[in-house]
1. Suppose we filter the range 116-165 for residues that are within 15 Å of the ligand (Cβ to nearest atom) and either in a loop (DSSP other than H, G, I, E, B) or modelled with pLDDT under 95 (or both); how many remain?
2. Considering K25, K80, K54, K105, which residue is modelled with pLDDT under 95 and either basic (K, R) or within 16 Å of the ligand (Cβ to nearest atom) (or both)?
3. Only residues that are in contact (Cβ under 8 Å) with a residue 40 or more places away in the chain, surrounded by 13 or more Cβ atoms within 10 Å (Cβ to Cβ) and under 16 Å from R69 (Cβ atoms): list them for the range 130-139, please.
4. Exactly one of (1) within 30 Å of Q176 (Cα to Cα); (2) in contact with a Gly (Cβ under 9 Å, 6 or more places away or on another chain); (3) among the charged types (D, E, K, R) is unmet by E138. Its number?
5. Within the bounds of the range 171-184, is there any residue that is touching a Phe, Trp or Tyr at 6+ places or on another chain (Cβ under 6 Å), within 25 Å of R66 (Cα to Cα) and surrounded by fewer than 23 Cβ atoms within 10 Å (Cβ to Cβ)?
6. Taking the condition of being part of a loop (DSSP other than H, G, I, E, B) and within 13 Å of the ligand (Cβ to nearest atom), how many residues in the range 57-77 meet it?
7. Which pairs have Cβ atoms under 9 Å, sit 6 or more apart or on different chains, and link a residue in the range 89-100 that is aromatic (F, W, Y) to one that is at pLDDT 95 or above and in a loop (DSSP other than H, G, I, E, B)?
8. Is it the case that some residue within the range 156-168 is out of contact with any Asp or Glu (no Cβ under 8 Å at 6 or more places or on another chain), polar (S, T, N, Q) and under 13 Å from L91 (Cα atoms)?
Amino acid sequence: MMFRRFLTSIISVLLIIVIITAYIKYHTLQHVYAGLDQNSGDTTMVNQINKTDKEWQESLTDEQYRVLRQCGTEPPYSGKYYDFDGEGQYLCAACGNVLFSSETKYHSGSGWPSFYDVIDESNVKTQEDHSLGMKRIEVLCASCGSHLGHVFPDGPNPTGLRYCINSVALNFKSTQKSDSTHQK
Ligand code: FE
């Protein structure tokens, strides 16, 4: 009898902890996403590139087209930049828009190139993505509208964000003198 009462108390305490944790996490998510939503659609100073679907198909490789134009995802640990540490900038593989800097790139262990910030907030757009039964925030190039990846609220300081980007959506431009560009 005593044991059953003890067990019930333990379960109640654990349940309360789970509810409080879920509540805090939900509010943190709402806060982060609210901040991102304010940036979405802000395309000031960004040149708009409008191509037909046929033109995109002709100008991109099959894998680039699948990821960039059809919201695809490259397999984890397969891309050319997830384990790459060159110093420079990452440009949109579809239009050349400057997106990320090696200064904010870090090893997240996710298998995709990860950044905790963008070079300029107006160069990317974000929007809610409800595919695969999940609520995620999709990251798109503000210039050409191509799909780049997603942003999650589990990144390091100072932003707490993790921009999880497909390698195939990026082209690296080195700022080191010996190595001009790393493109395939
Ligand atoms: Fe682009």
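The values are calculated or read from the model by the stated rules, or taken from the named source; none is laboratory data. This one's a predicted model, so the numbers in the text were calculated from it and none came from an experiment. Here Cβ is always computed from backbone atoms with ideal geometry, including for glycine, and neighbour counts include all displayed protein chains.
1. Final tally of qualifying residues: 8.
2. Being modelled with pLDDT under 95 and either basic (K, R) or within 16 Å of the ligand (Cβ to nearest atom) (or both) holds for just one of K25, K80, K54, K105, which is K25.
3. E138
4. (1)
5. Within the range 171-184 (the criterion being touching a Phe, Trp or Tyr at 6+ places or on another chain (Cβ under 6 Å), within 25 Å of R66 (Cα to Cα) and surrounded by fewer than 23 Cβ atoms within 10 Å (Cβ to Cβ)), the answer is yes, since at least one residue qualifies.
6. 1
7. From residues that are aromatic (F, W, Y), the pairs are Y90/Y81; Y90/P113; Y90/I119; F100/P113; F100/D117; F100/V118; F100/I119.
8. Scanning the range 156-168, I find no residue that is out of contact with any Asp or Glu (no Cβ under 8 Å at 6 or more places or on another chain), polar (S, T, N, Q) and under 13 Å from L91 (Cα atoms), so the answer is no.
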